[in-house]
Amino acid sequence: MPEFSVGQGIAMAMDADGTNPASDEMYVNGNRPQTQWSVAFGENGTEYRWLRATGGVYRFRPDRPGGDKLETRYGPVPDLIARAIRGAFPEGVWIQAAEIAYLESGWNSYALLDTVSTRGICGTMYQLANGDWASTEYSRGCFQINGCIYPQWNNDELYDPFKNAKAAAVLYTRRGNWGDWYYSAGKLGLPR
């Protein structure tokens with residue numbers, strides 16, 4: 001069986017999907033001296049593309065029934081959000097990620113939950129109408145990444161669905177579950 005050569009980013013994406021390379025990674029420079037993007041195919045039929053502009057690896061399955069659409073219990077995921085999820089998360093959790101994003105923001109890349117400006121600085125506890133307690137937050141984007149808890153992501157770049165999904169995938173991978181989206185995960189019956 002031939003061995004194929006792929007870079008670290010695509011290799012990690014393939015590993016997360018449980019597949020091996022079926023081609024060498026091909027690099028495209030365009031009109032610039034540095035590689036602008038690259039592509040390799042996995043044994044699972046997925047085309048893996050790395051893009052310098054985002055530093056992300058994106059997955060494409062042209063033979064997928066229904067194309068590249070993601071269908072959830074809440075309906076079809078908007079194309080931009082679906083592409084961001086496919087590029088950030090392992091294939092086995094695409095639908096779960098899409099449903100978390102729907103419950104968090106309604107798939108709105110520009111969603112903002114700002115209780116800091118009305119309740120106090122990050123970490124201030126306040127009581128909700130139902131008697132529960134909450135901590136102030138400044139959460140952005142389709143996955144509502146909380147800049148109070150994760151200051152490395154406390155910036156407006158998280159309105160970019162690709163960067164938001166990538167941050168969400170880091171959190172998901174770090175925990176190995178959907179605990180950072182505790183209420184949404186509970187509603188969906190997902191591990192938290």
Mind listing whichever residues of segment 151-192 are of a type in the set (S, T, N, Q), farther than 23 Å from Y74 by Cα and part of a loop (DSSP other than H, G, I, E, B)? N154, N155
Determine which single condition S135 fails, assuming it passes every other condition in (1) hydroxyl-bearing (S, T, Y); (2) within 24 Å of I85 (Cβ to Cβ); (3) at pLDDT below 95. (2)
Quick check on A169: is it crowded, with 18+ Cβ neighbours inside 10 Å and not assigned by TED's automatic domain parsing to the domain that holds M12? yes
In segment 74-107, how many are surrounded by 19 or more Cβ atoms within 10 Å (Cβ to Cβ), more than 25 Å from I10 (Cα to Cα) and either out of contact with any Ser or Thr (no Cβ under 7 Å at 6 or more places or on another chain) or free of Cβ contacts under 8 Å to residues at least 40 places away in the same chain (or both)? 3
If you scan segment 14-53, which residues turn out to be in contact (Cβ under 8 Å) with a residue 60 or more places away in the chain and not in a loop (DSSP other than H, G, I, E, B)? A16
Out of curiosity, is S139 of a type in the set (G, A, S) and in a strand (DSSP E or B)? yes
Within segment 74-126, residues out of contact with any strand residue (DSSP E or B) (no Cβ under 8 Å at 6 or more places or on another chain) and in a loop (DSSP other than H, G, I, E, B) come out as Y74, P78, F89, P90, G106, W107, N108, S109, Y110, I121
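The values are calculated or read from the model by the stated rules, or taken from the named source; none is laboratory data. Owing to the predicted nature of the structure, the values given are computational and were not obtained by experimental measurement. Ideal geometry is used to build each Cβ from the backbone, glycine not excepted, and the neighbour counts take in all protein chains shown.
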